[in-house]
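The values are calculated or read from the model by the stated rules, or taken from the named source; none is laboratory data. Computed from a prediction, not measured in an experiment: that's the story for all the values here. With ideal geometry, Cβ positions are generated from the backbone for all residues, glycine too; neighbour counts draw on all protein chains shown. Just the protein is used for accessible areas: all its heavy atoms, side chains included, with ligands, DNA and RNA removed. Shrake-Rupley method; radii C 1.70, N 1.55, O 1.52, S 1.80 Å.
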Amino acid sequence: MDNRFATAFVIACVLSLISTIYMAASIGTDFWYEYRSPVQENSSDLNKSIWEDFISDEADEKTYNDALFRYNGTVGLWRRCITIPKNSHWYSPPERTESFDVVTKCMSFTLTEQFMEKFVDPGNHNSGIDLLRTYLWRCQFLLPFVSLGLMCFGALIGLCACICRSLYPTIATGILHLLAGLCTLGSVSCYVAGIELLHQKLELPENVSGEFGWSFCLACVSAPLQFMASALFIWAAHTNRKEYTLMKAYRVA
């Protein structure tokens, strides 16, 4: 194997490994989107009701998003989290001492919630199904797993190529990484579109801001790494095969 192709293969493997780690980390963390809201200094009965509704299994889209807006919420692909006072005083505001410490409460999205229909008016089941937001949500959940699966399958083919001491099978690895990059890019695009459409339906309260978190950034970085790994795999395999064919023809001649 030519040193150029071996070097390209090694670099592609490193890029593939990094992109896989980034993608796995982004799926498993809860910081795809973060809200920044003023500190809630008093724990009223209203706050208690909001917190209880947030951790309820029957919380609908509007209910948990209202809590995310008010309590510095973070959202991932699998979980939603809010930050609330650690020690709750329902009849008097907490003092700014240790009783005002905060704790993060998280609630996982069930599979039923992941595939549940989104409504035109969030929280109003009589407003009709919003098909666009429904399928955007489902795609942002499924595509990252498809991407990881394609990369793992590509890694198996690459391992077989190493055992066979041939670069030609890595063309399939490159194609799989290209498809994985497209899936990752599609997931990121679906997430951005879904967030924008949600904020059009539920406007952020005053003094509340939102921004994409580091988990989202990891997914964004993973996509170009997958494309670069794909390009290197395909180039190395195709060029090596071409030079081998030319060399064989020259020897025959």
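Listed values, structure above:
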quantity: Pair list, Cβ under 6 Å, 6 or more apart: the stretch 111-130 residue in a helix (DSSP H, G or I), other residue open to solvent by less than 40 Å² (accessible area, probe 1.4 Å) and of a type outside the set (Gly, Ala, Ser); calculated: GLN114/PHE141
quantity: The stretch 220-230 - residue that is aliphatic (A, V, I, L, M) and open to solvent by 60 Å² or more (accessible area, probe 1.4 Å) and, of those, farthest from PRO38 (Cα to Cα); calculated: MET228
quantity: The lone exception for ALA161 - which of (1) at pLDDT below 95; (2) open to solvent by 20 Å² or more (accessible area, probe 1.4 Å) it fails; calculated: (2)
quantity: Among residues of the stretch 196-219, those that are closer than 24 Å to THR29 by Cβ and either open to solvent by 50 Å² or more (accessible area, probe 1.4 Å) or not hydrophobic (A, V, I, L, M, F, W, C) (or both), counted; calculated: 11
quantity: Inter-residue pairs, beta-carbon under 6 Å, first closer than 23 Å to LEU182 by Cβ and in the stretch 151-163, second crowded, with 20+ Cβ neighbours inside 10 Å and of a type in the set (Ser, Thr, Tyr), 6+ apart; calculated: MET151/THR20; GLY154/THR173; ILE157/THR173; GLY158/THR170; GLY158/THR173; ALA161/THR170
quantity: Pairs, first within 18 Å of GLY123 (Cα to Cα) and touching a residue at least 60 places away in the same chain (Cβ under 8 Å) in the stretch 63-82, second of a type in the set (D, E, K, R) and part of a helix (DSSP H, G or I), C-beta under 8 Å, six or more apart; calculated: THR63/ASP53
quantity: Of all residues making up the stretch 151-173, the number that are closer than 19 Å to LEU17 by Cβ and more than 22 Å from the chain's Cα centre (by Cα); calculated: 13
quantity: The stretch 164-175: number of residues that are part of a helix (DSSP H, G or I) and open to solvent by 20 Å² or more (accessible area, probe 1.4 Å); calculated: 4
quantity: Any chance LEU136 is open to solvent by less than 70 Å² (accessible area, probe 1.4 Å), touching a residue at least 40 places away in the same chain (Cβ under 8 Å), in contact with a helix residue (DSSP H, G or I) (Cβ under 8 Å, 6 or more places away or on another chain) and not in a helix (DSSP H, G or I); calculated: no
quantity: Identity of the residue in the stretch 1-24, open to solvent by 60 Å² or more (accessible area, probe 1.4 Å) and hydroxyl-bearing (Ser, Thr, Tyr), that ends up farthest from HIS238 (Cα to Cα); calculated: TYR22
